[in-house]
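Student: Sharing a structure with you now.
The values are calculated or read from the model by the stated rules, or taken from the named source; none is laboratory data. Since the model is a prediction, treat every value here as computed from it, not as a measurement. Every residue, glycine as well, gets a Cβ built from its backbone with ideal geometry; the counts of neighbours run over all protein chains shown.
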Amino acid sequence: MAEIKHLVTIEAEPAVVYAAITEQAGLASWWTEETVADATVGSVLEFRFGEEYHNKMRLTRLVSDQRVEWECIQGHDEWVGTRFTFDLEGGQGRTTLRFSHYQWAEATDFYANCNFHWGYYMQSLKTYCETGQGTPFAKA
């Protein structure tokens, strides 16, 4: 099975990064503006990228300021059943984020494209947490 991994150092406390990946306003500020999210384990998060992609993730685990886990339950065929983790550690104004998108059936061209885009959105998350301004997908 294939796995996408990114390691990002963010000049912000873990609580700031955690809020950005659990709260609707945060997610809409760095990933996609069309976000519906509730930071409750078991809830379903929805992310739209225009008309082409509509992903639903089940929020499977939260450890405050340390870990967030999702499972894709609806979306592109290659995403359904994949899992996502955001692991945070740090303090003193800095957070190390270890992001994984795993349980891909194989490393296809779509997988490679997603890897590229996850890099872009990890930079957007970093910028959002450090400056308050990310570069999320915006509906045209």
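Student: Return yes or no: is L97 touching a residue at least 12 places away in the same chain (Cβ under 8 Å), over 25 Å from G50 (Cα atoms) and within 13 Å of the chain's Cα centre (by Cα)?
Tutor: Spelling it out, L97 is indeed touching a residue at least 12 places away in the same chain (Cβ under 8 Å), over 25 Å from G50 (Cα atoms) and within 13 Å of the chain's Cα centre (by Cα).
Student: Out of the residues in segment 109-138 meeting the condition of being part of a loop (DSSP other than H, G, I, E, B) and under 16 Å from Y53 (Cβ atoms), tell me which one is modelled with the lowest pLDDT.
Tutor: This residue is A138.
Student: Looking at A2, A25, A20, which one is of a type in the set (A, V, I, L, M, F, W, C), more than 11 Å from the chain's Cα centre (by Cα) and within 18 Å of G134 (Cβ to Cβ)?
Tutor: Every option except A25 fails the conditions.
Student: Another question, then. Which numbered condition trips up T40, out of (1) of a type in the set (S, T, N, Q); (2) farther than 21 Å from E3 by Cα; (3) touching a Phe, Trp or Tyr at 6+ places or on another chain (Cβ under 9 Å)?
Tutor: Failing condition for T40: (3).
Student: Anything in segment 88-99 that is surrounded by fewer than 16 Cβ atoms within 10 Å (Cβ to Cβ) and in a strand (DSSP E or B)? List them, or say none.
Tutor: Hits for segment 88-99 are E89, G91, R94, T96, R98.
Student: Could you grab the pairs with beta carbons closer than 8 Å, sequence gap of 6+ or different chains, first residue in segment 36-53 and closer than 16 Å to R83 by Cβ and modelled with pLDDT of 95 or more, second one surrounded by 13 or more Cβ atoms within 10 Å (Cβ to Cβ) and of a type in the set (F, W, Y)?
Tutor: Listed pairs, sorted by first residue: L45/W70; F47/W31; F47/Y53.
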